[in-house]
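Written below as structure tokens is the structure these notes are about.
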Amino acid sequence: MSGEVLLRGVELHPRQDPVDCRIRGGAVVEIGRRLRPRPDDFVIRGDGGALLPGLADHHLHLAAMAAQRASLDVSALSRHGLASSVAQAVAGEDGWVRAVGYDDVVHGDLDRTVLDGWNRVLPVRVQHRSGALWVVNSPGLERLGALAAAHAGIEREGTGRPTGRLWRADAWLREVLGGRPPSLRAVGARLAALGVTRVADATPDQGAGRLVSEAVRREELPQHVMTMAADAGLPPHLRLSIGPLKFVVADHALPDVDDLAGRMRQAHTDGRPVAVHCVTRTALALTLAALDRAGGLDGDRVEHCADADRAAAAELAARGIRVVTQPTLVALRGDDYWERVDPADRPDLWRYAGLLRAGVRVAASSDAPYGDPDPWAGLRAASERLTPSGRVLGADERVPVEVALRSMLSPLDDPGGPARRVAVGRPADLVLLDRPWKEAVRAPDAGNVRATFIEGRIAHGAQQLG
């Protein structure tokens, strides 16, 4: 594709009258009726389909998405099926059996002894569905040198013997395992096919930041990427930005509030807001206390906020703290949440509409690969709040598709802020649907994405458009 792109007869959301849209040099340069084609124009018939700004995923994990593609997915298996799969698995190129999607509710507790009973020949590591925990068998622990390693995430018995459970140890694993980092090309292509043009990588360690930076430079990732990694000294690139600094308040090892506040204060001094992983009420309360001691900075945000009552929502609003939530986790695991928590707490789970009513800025995201990366599934989940069994979890927390969509159109550095628009002078990061928005909104579906443009280039849909 060379020269300019001329989109004929598209519906500019939220306008409904078809217009033409010309793209040049990575930007929208002209919008009007019946624009005259130029000799080198690449003309695309819109046929009345909606033209939206490219969607943003405000919280995902790119390296984990790439690794998942090369892993054994056990999420749909029973405990017996998990055992059989691990026992019969063939090692990957790195010599490991790597499984993802382990669920302690479905599969029961795992440790090195259980995994050894299934496979003591090959090194095995199994990731919990949350991404917070790896369980490794004895050959794997030996290969990692875990007996002598000093990493705080290595769970040990009273004798010092590792149990096989590794908590929040991804950065350490990446360092110890070494090897060639996974390619992000397939991940970028999949996101483009879903209409996603901007992503916030929420993996906090420096290795993840470097991996993402290199992938952007090698054009493996066509998307604009904001990283929350600790290493802010990444080489500049037009499609790479440094976002808030990610902190994890893990419930199995809650940090000291003064230490957390000190690290937050340093991030603010460095000019970076903070993005704090909070799942439980305890973690949220500790985070709010630490932020009060550190002092706030515009852009501070809480990731997940899975359990927040009205009082907590009011506290978040009063401090101007944004929340980035994940609607598809209700669609994927809502029945598990329903069974695990006290019935009195169910209305406070994965709140969305209630946070908005309290005055909190909220943005929807995927948390892929731990949630569904499909933003259209996210729109359905936010508006329906249906669990896998079909029950409604938090009827009062449903939001209209349009509300969730606006959050996906908000800038990466302002989740839940004003939605980006298709307008002259704006970047040509666009999604063309195969139908008008009024039809698409009735049943949001990734199959409606006809083409995706990033910086004016066709990132998805070239065959359909050629």
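Separation of region 319-350 and region 155-202, taken as the distance between their Cα centroids, equals 24 angstrom.
Remark on residue 133: its backbone amide H falls under 5 Å from those of 128, 168, a criterion applied only to residues 5 or more positions apart or on other chains, H modelled at 1.01 Å from N. Counting only Cα atoms, the size of region 414-457 along its three principal axes is 29, 27, 17 Å, in decreasing order. About its Cα centre, the dipole of region 80-142 is roughly 60 debye, where the only charges are +1 on Lys and Arg Cβ and -1 on Asp and Glu Cβ. Coupling constants for region 75-82 follow from the phi torsions by the Karplus curve (6.51 cos²θ - 1.76 cosθ + 1.60, θ = phi - 60°), and in residue order they are 4, 9, 9, 7, 4, 4, x, 4 Hz; glycine and proline get x.
Taking region 325-346 and a reference point 7 angstrom along Cα→Cβ of residue 391, the backbone N atoms nearer than 19 Å belong to 328-346. Calculate, for residue 130 and residue 443, the FRET efficiency according to 1/(1 + (r/R0)^6) with r their C-beta to C-beta distance and R0 25 Å; round to the nearest 0.05. Efficiency at R0 = 25 Å is approximately 0.25.
Per-residue extension of 0.36 nm, minus the Cα-Cα distance of residue 263 and residue 293, leaves a gain of 9.7 nm for this segment. Taking amide H positions as modeled 1.01 Å from N, with prolines and chain starts lacking one, no residue 5 or more places away or on another chain lies under 5 Å from residue 385. Using the Cβ-Cβ distance between residue 457 and residue 75 with R0 set to 45 Å, the FRET efficiency works out to roughly 0.80.
Averaging over every viewing direction, what projected area does the convex hull of the Cα atoms of region 85-188 cover, in nm²? Before the final figure, lay out the partial values.
Numbers: hull surface 29.1 nm².
Over every viewing direction, the Cα hull of region 85-188 projects on average to 7.3 nm².
Using every pair of distinct Cα positions in region 374-429, the Kirkwood expression returns a hydrodynamic radius of 12.8 angstrom.
Shown here: region 336-437, whose C-alpha atoms stretch 52, 31, 25 Å along the first, second and third principal axes, sorted largest to smallest. Structural size metrics of region 263-338, computed from C-alpha coordinates, are Rg and Dmax of 13.2, 42 Å.
Could you tell me how many cubic angstrom of Cα convex hull volume region 19-149 has per residue?
Values: hull volume 27.5 nm³, N = 131.
Considering the Cα atoms of region 19-149, their hull volume per residue is 210 Å³.
Once the Cβ-Cβ distance between residue 156 and residue 335 is put in as r, and R0 is 41 Å, what FRET efficiency do you end up with, to the nearest 0.05? Show your work: numbers first, answer last.
Values: r = 34 Å, r/R0 = 0.82.
Computed FRET efficiency for residue 156 and residue 335: 0.75.
Across the chain, Cα-Cα distances exceeding 32 Å account for 42% of all pairs.
With Cα atoms as the point set, region 44-111 shows a radius of gyration and Dmax of 18.8, 57 Å. Here the convex hull built on the C-alpha positions of region 341-400 has a volume of 99 cubic angstrom per residue. Straightening the chain between residue 342 and residue 186 buys 52.1 nm, computed as 0.36 nm per residue apart minus the Cα-Cα spacing. Dividing the summed helix terms, -39500 (n - 2.57) for each DSSP H run of n ≥ 4, by the number of residues in the chain produces a 222 nm estimate of -9000 deg cm²/dmol to the nearest 500.
Only the coordinates and a few stated rules stand behind these numbers; no lab work does. Values in this document were obtained by computation on a predicted structure and should not be read as measured data. As a convention, Cβ positions derive from the backbone with ideal geometry for all residues, glycine included, and neighbour counts pool all protein chains shown.
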